[in-house]
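Remarks on the structure that follows.
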Amino acid sequence: MATTFHAALENLRTTRVWKSIFRRGPAITNRTRSVAVFGNLFLHWLPVKVREKSLRVRAAYYLGSLSFLLFLLLVITGVLLMFYYHPAAPNAYRDMKDLRFVVSNGVFLRNMHRIAAHLMVLLVFCHMFHVFYRGGYKPPHEFNWVIGVVLLLITLFLSYTGYLLPWDQLAFWAVTVGTNIVSAMPVIGSKVRFVALGGNIVGENALLRFYVLHVVILPLLAFLLIGVHFWRVQKDGGLTVRSKDDDGKN
Amino acid sequence: MMEKTKIESGFSSDAKKEPRRIVFITRNTSAKVKDDRGPELMTYPHLLVREAIVFEVLIIAMVVLALFWDAPLEQLANPLLTPNPAKAPWYFLGLQELLHYFPPFVAGILIPTLVLVALIMIPYFHVNVEGKPLWGEKASKRLAVVAAVTLGLLILLAVVDAWTIILPTVFVAALLVASYFSKATSGWMGSLRLKPLSWWVMTWFIATALCLTVVGTFFRGPGWSWVWPWGTHAV
Ligand code: HEM
């Protein structure tokens, strides 16, 4: 059974339709395996070959990759949530109730988006600290570290702007507390806060601004910079491996 | 007589004959081109299979979690009804805990800005790029400096009564001093003795941030007073 399935798959890969889609036959030689990576838009930012050492779990604990996975999951669940959400007060809150009581799998959808958001913040922090302890910021990786710091900020802002959207007490006061701190900025503090909120209090304008930041501006920025980040990992010669990696430790 | 000239174009593919990358030669290593890249494997399938597996494991874990834990939803936002305490999301609660000890400008603007600048500058410091141990040369002098700085910091923190910062600081300082006096050559103490200063600073930062965040999240109640997560108020 398994072998017939396997044979069928192998046959499929030699068909003209398969080749027309993937621009190659079965990836069984090193050449076709290379083409499988650089000939594919979605994989071309990966190197064709990777050092065995950087494949070891300890090299990255997959923290960067998992951050990216969470970003993708957030985009998918986020777009689905947008079908049910109005960025207005108090409609936004009613939409949350609808998600819970009316929409099929609405609770599950919201849960996944929420879990992925918190986990992404956590994993991006872990990724940063892990890169630090491995010395992954050292030349020629310096600038990729800086891009990373900007990505950390974007991740935090993404999470924070999303926090307001349910328009419940938790959301409202978390954002009120946070944006009050902005007024402590000397000279321009209250002006910055006014611009961020579109007013002096967290109200409907703030909800709209946070919404636009959350679903358009910040995700686009994040997507762009993640692209640059990945491209730099490859251009900088792959992950940092240390001579210590030889003994299989750390 | 025509001499047969050898025409070379482009780069040779032999990196040992014709190095293209400026390598970083660290002290205590020889200057020869070290082939430390090790064996390489094809990205397809070796890397992609591994990524697919960890991706699936995480997704399955999240789905299971999403079935048993529900995203919170409280009452409709009400500007007239301030909850006590009003808390920011967990990743900002370390800062909110700082607000308890320092004026808003220091806790909310100055410290985050300094942390951010420090983070960005990490790759550009270029001191001790080789990661030499703190307790290498001139160890006793360094101990004196580190002790003075730590004590100064602790006194400052004691003045504002910031014991949720004092606690992790004392903890990391204790490890630091222990590693100075230790004779261990292996095990975790042995490896601590080899850590550079940057390692200690970052570890102190993470320990402090962790302590502040955990306390801010689980141990702070009305008026930012100390509470136990299981519900009883402290006196
Ligand atoms: C949205 C957030 C981020 C994503 C999706 C991301 C993704 C990645 C990925 C996939 C890698 C390849 C290795 C790995 O899996 O760990 C990587 C490497 C790296 N990341 Fe990130 N990253 C993010 C944030 C950050 C942050 C906050 C920093 C540091 C401030 C950072 C600094 C670096 C550096 C320096 C490398 C190269 C490491 C080396 O050469 O060993 N990244 N990142």
Equivalent ellipsoid dimensions for the range B:166-219 as semi-axes, Å, which come from the Cα gyration tensor, largest first: 25, 10, 9
Rg/Rg_ref, the range A:136-187, where Rg_ref = 2.2 N^0.38 Å and atoms are Cα: 1.60
Rg over Rh [alpha-carbon atoms, Kirkwood Rh] for the range B:67-120: 1.12
Relative contact order (%) - the range A:77-175, alpha-carbon pairs under 8 angstrom, separation at least six: 29
Full-extension gain in nm, A:VAL195 to A:TYR84, via 0.36 nm per residue minus C-alpha separation: 37.2 nm
At q = 0.11, 0.15, 0.20 Å⁻¹, base-10 log of I(q)/I(0) for the range B:90-224 (Debye sum, equal scatterers on each alpha carbon): -0.47, -0.84, -1.27
Two-decimal Rg to Rh for the range B:48-143 - Kirkwood Rh, Cα set: 1.17
Peptide A:49-61, shielding by other chains (average Cβ, 10 Å cutoff): 4
Pairs from A:LYS235/B:LYS138; A:LYS19/A:LYS49; A:LYS138/B:LYS138 whose Cα-Cα separation, in the structure shown, is over 31 Å: A:LYS235/B:LYS138
Electrostatic dipole magnitude of the range B:135-205 [Cβ: Lys, Arg +1; Asp, Glu -1; Cα centre; debye, to 20]: 320
Radius of gyration and maximum dimension Dmax of the protein assembly as shown, Cα, Å: 26.7, 104
Most positive-pole-ward Cα, B:THR43, A:LEU213, B:VAL160, against dipole of the protein assembly as shown from beta carbon charges: B:THR43
Calculated Rg and Dmax of chain A using C-alpha coordinates, Å: 22.8, 74
The range B:90-224, relative contact order in percent, only Cα pairs under 8 angstrom and at least six apart counted: 43
Unit charges on C-beta of K, R, D, E only; dipole of the protein assembly as shown, Debye: 1620
Square roots of five times the Cα gyration tensor eigenvalues for the range A:1-142, Å: 37, 28, 14
Segments A:169-182, A:71-84 sorted - mean Cβ within 10 Å per residue, highest first: A:169-182, A:71-84
Charge tally in the Cβ shell below 14 Å around B:VAL54, where Lys, Arg are +1 and Asp, Glu are -1, B:VAL54 excluded: +1
Pairwise centroid distance, computed over Cα atoms, of the range A:156-215 with the range A:56-79, Å: 27
Equivalent ellipsoid, the range A:1-66 (semi-axes from 5 times Cα gyration tensor eigenvalues, Å): 28, 16, 11
Estimated D of the range B:124-188 in µm² per second, where Rh is the Kirkwood radius over Cα pairs and Stokes-Einstein applies at 37 °C, 0.692 mPa s: 241
Descending Cα extents along the principal axes, the range A:163-244, whole Å: 54, 29, 22
Rg/Rh (Cα only; Kirkwood hydrodynamic radius) as it applies to the range A:77-207: 1.06
Taking the range A:64-237 and dividing mean pair separation by its residue count, relative contact order in percent (alpha carbons under 8 Å, at least six apart): 25
Calculated FRET efficiency for the pair A:ARG100/B:ILE155, C-beta based, R₀ 56 Å, to 0.05: 0.60
Ranked by how many other beta carbons lie within 10 Å on average, peptides A:137-145, B:91-99 from highest: B:91-99, A:137-145
Simple label model, 7 Å out from Cα along Cβ direction - B:LEU80 to B:ALA139, nm: 6.8
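No lab work stands behind these numbers, since they all come straight from the coordinates. Please read all numbers here as calculations on a predicted model, not as lab measurements. We place every Cβ from the backbone using ideal geometry, glycine too, and count neighbours over all the protein chains shown.
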